[in-house]
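Here the structure comes first, spelled out in C-alpha cells, and everything after it is commentary.
The values are calculated or read from the model by the stated rules, or taken from the named source; none is laboratory data. Just so you know, these numbers come straight off a predicted model, no measurement behind them. Cβ placement follows ideal geometry from the backbone for every residue including glycine, while neighbour counts extend to all protein chains displayed.
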Amino acid sequence: MIDPLSALAILKTALAAGKQITSLSKEISNFFAASDEAKAHHSKKKNSIFRSADEAAMESFMLQQASLDAENELREIITQTRGFSQYQLLLSMRREMRQEEKEKARLSKLAAEERMQTVLTGLAIVMFIMVLIAACFAYLYYLGWL
C-alpha cells in the first residue's frame, strides 16, 4: 500500500493534467485506503527488537500527521472543484461503506463460527456412534456370540 502523500501527489498530477475529479474515483479510494492504513498503523503495537519504542512512536505519529495533512489538502481540492457539500457527501458515503465492510466482516465471522460448530457437532455425533458400535461389539463378545 502506498503512503497518503504519494496517493495525494497522484491525485494532484491527474488534476493538473486536466482530468475531472469524477474520473479519479480509484485514485481517491486508494488515497483514503492509504490514509486509513496510516491511522491504523498508529494504533497497532509494533514490536521490533531492532528499533526502540520512541522510534516506532515517532514514525507512527509522523505518518498519522502526514495523513491528516493530506486529507485536509484533498478536502481543499474537492471543495474548490465541487463544493463543500460534495465533500460532505463523499465523507458520508465513505462512512457508510466502512460500516458495510464491518458488517460483512462480522457476518463472515459468524458464518465461520457456525460452520465450525456444525463440524464439531458432526464429529461428536460420529464419535458417539463409533463408541456405541464398539460397546455393542464388546457386549456381543462378552455374551460369546462373536
- Candidates S60, S92, S67 - the one that is closer than 30 Å to S25 by Cβ, exposed (fewer than 13 other Cβ atoms within 10 Å of the Cβ) and hydroxyl-bearing (S, T, Y): S92
- Sole residue being more than 30 Å from S6 (Cα to Cα), among the acidic types (D, E), assigned to a helix (DSSP H, G or I) and under 27 Å from the mean Cα position of the chain (by Cα), chosen from E71, E113: E113
- Could you give me the residue pairs with C-beta distances under 8 Å whose first residue belongs to segment 39-66 and is modelled with pLDDT of 60 or more and assigned to a helix (DSSP H, G or I), whose second residue is loosely packed, with under 10 Cβ neighbours inside 10 Å and of a type outside the set (D, E, K, R) wherever it lies, and which are 6+ apart or on separate chains? A56/S48
